[in-house]
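All of the numbers you see were taken from the coordinates with simple rules; none came from a lab. From a predicted model like this one, the values you see are computed outputs, not experimental measurements. Heads up, the Cβs are rebuilt from the backbone with ideal geometry, glycines too, and the neighbour counts pull from every protein chain shown.
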Amino acid sequence: MNSPANLNPRPFAPRYPQLGTGPVPVSSAVDPAFFELERERIFRGMWVNLILREEDLPKPGDYFVRYLEAQDASILVVRGDDGKLRAFHNVCTHRGNQLAEEGAGHCKGFQCNFHGWTFDTRGRLAFVTDEQRFHNLDKSALGLPAVHLDTWRGFIFVNLAKRPAQTLELAMAEFNQDLKPFPFEQMVLAGRYRYAVNANWKVTMNAFQESYHGAFVHKLSVGQCISPEDPYLAVQRIKLQENGNQSVSVHLAPHDLSPAEKLAFGFGATFTQGGEAAQAVPGTAQAQVRDWGFDLNIIFPYSRINVGAGWYYVDAFWPVAHDKTVYELAYYFPMPQRASEMISQEYSKIVLRDLSREDLATNEATHRSLRSGAIRQMMLSDQEIAVRHLYHTVAARCGKELAK
C-alpha cells in the first residue's frame, strides 16, 4: 500500500529546489580522505553540544571531561570557585600530559599525575613542584589552554576554533524562535545510553532523519502507532535551515492501547503519547502536525535536541573515524512526584531504547555494503529530503558540490 492518494506525495522538493532530486553519491560516507576533510572544514570550527547541562555541574569544583575524537581533543569543563563555567583543553602545560580522567567529578583543583603541577578551578597554574630549577618560569602565562564555552537554554557548547566564525546564538539560527520556548528547565536527567557503531557518522545519522523505515524497522516496538491508511508515516512537516540545521516532525496514529501503554498513559507523559497530550507544548510543532508525536531537531552537523509532550532527549552521533561512530543519548522527564509517574517514565525509556537499537541495527550492514562499492549512489525519496540536505550541506562545507 502506498501513502494516502489525496495528499501531495512529493511536497518538499519544490520548497528546497537548491537540493535537487537526483541520486546522492555515497563516496563521502566511505572515503577516509573525505573524513579528514570534514574534520578540518567542519568539526574543528563548530559549536559542539557536549550533551551536558549547566545543572549537571551545580557546585564550584564540579567538572566534566569529554574526549572529542573528531576534533582529536580532550575537553575539561569546570565550574570555578567564582561560580563561572569554563572550558579548557585537558592538557598540562608542563609537557602535555592529560590532566583529568574522562567522566565527571568534583575537586578543589587539578594535579597532573606526571610531575605534580597543580591548577585551580579557574584554570590558573597554582603550583609547580621544584619550581626553583626552572628558567624564567612565568606561571601566570601557563594556565590551562582555554576553549570557547557558551550555553543555550542550559545546554553547554564548546568551540575549539581560536576565533569562532559565529556565535552560538547565530549557529542555533531558527531554533532561537522555534525551539527555545520549550520548558527544558522543568525536566531532569533520567538516564543515558551509549553505543559504539562500526559505520560512518552520516550513515548512522541517516536512519534517524526519516520515518519511511518505520513500518519495517520499528514494527515490533511501535507498530501499533502505524496506520494502514498511512503505512509509511509520510512526514507532514520538515524544516531545513540554510546552515544545515533541520527539524523533522514525526506523527503517530491514534491506536488501541496495549496494556502497558494504557497503564503508562494513565500515570503521566509518555513517548508515544504525542497528539493525545492534554496540554499545548511550547517550542514544538504540535499545532502544525496531525497526530503529532515529537520533533527531531538536528543541530548541524551531528547533534540533536528532540522534544515531545512532557519529555525530551538529546543525542549525538560522535564521529570517531570514517567507519566508526559513537551514538549517545540522554533523556529527560519532569521530576516524578508519585511512584506511578515513574512507571510511565520507565515505559518511555524502554520504548526509546528499543527504537534506538532498531535504528542502529541497520547501520553497520549498510556501511559494509556501501564500502563494497556495489552501489555508488543513493536514490532518495521526497520523504528522505533531510538525508539529502545533510549530504549537500557537508559537501558544500568541504568545498565540494553534489549534482542536483
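Residues 392, 135, ranked from the fewest to the most other C-beta atoms within 10 Å, line up as 135, 392.
Packing order of peptides 24-34, 196-206, highest average first: 196-206, 24-34 (average count of other Cβ atoms within 10 Å over each peptide's residues). Counting lysine pairs in the chain that sit 8 or more residues apart in sequence, or on different chains, and whose Cα atoms lie under 17 Å apart gives 7. Result for the chain in a Gaussian network model with C-alpha springs under 10 Å: among 155, 134, 43, the largest mean-square fluctuation is at 134.
Each label point was placed 7 Å from the Cα along the Cα-to-Cβ direction; for residue 342 and residue 265 their separation is 2.5 nm. Karplus-derived 3J(HN,Hα) values for the range 217-227, using 6.51 cos²θ - 1.76 cosθ + 1.60 with θ = phi - 60°, are 6, 10, 5, 8, 7, 9, x, 5, 8, 9, 8 Hz; glycine and proline are entered as x.
Backbone N atoms of the range 300-329 closer than 20 Å to the 7 Å Cα→Cβ label point of residue 364 belong to residues 316-329.
Here the contact order of the chain, divided by its residue count and restricted to Cα pairs under 8 Å and six or more residues apart, works out to 22 percent.
Extending 7 Å from Cα along the Cβ direction at residue 104 and again at residue 136 yields two label points whose distance is 4.5 nm. So, in Å, what gap is there between the alpha-carbon centers of the range 91-159 and the range 5-39? Distance between centres, Cα-based: 43 Å.
How big is the shadow of the Cα convex hull of the chain, averaged over all directions, in nm²?
Numbers: hull surface 87.4 nm².
If you wrap the Cα atoms of the chain in a convex hull and average its projections, you get 21.9 nm².
Under a 5 Å amide H cut-off, with hydrogens placed 1.01 Å from N, residue 190 pairs with 331, 332, 333 among residues at least 5 apart or on other chains. Note on residue 350 and residue 7: the model spin-label points, each 7 Å out from Cα along the C-beta direction, lie 3.0 nm apart.
Note that the range 323-340 has calculated 3J(HN,Hα) couplings of 10, 9, 9, 10, 9, 10, 9, 10, 10, 10, 9, x, 4, x, 9, 9, 4, 4 Hz, one per residue in order, obtained from phi through the Karplus relation 6.51 cos²θ - 1.76 cosθ + 1.60 (θ = phi - 60°); glycine and proline are x. Derived scalar couplings between HN and Hα for the range 171-183 equal 5, 6, 6, 6, 5, 5, 9, 6, 10, 4, x, 4, x Hz in order, rounded to whole Hz, by the Karplus curve 6.51 cos²θ - 1.76 cosθ + 1.60 (θ = phi - 60°), x for Gly and Pro.
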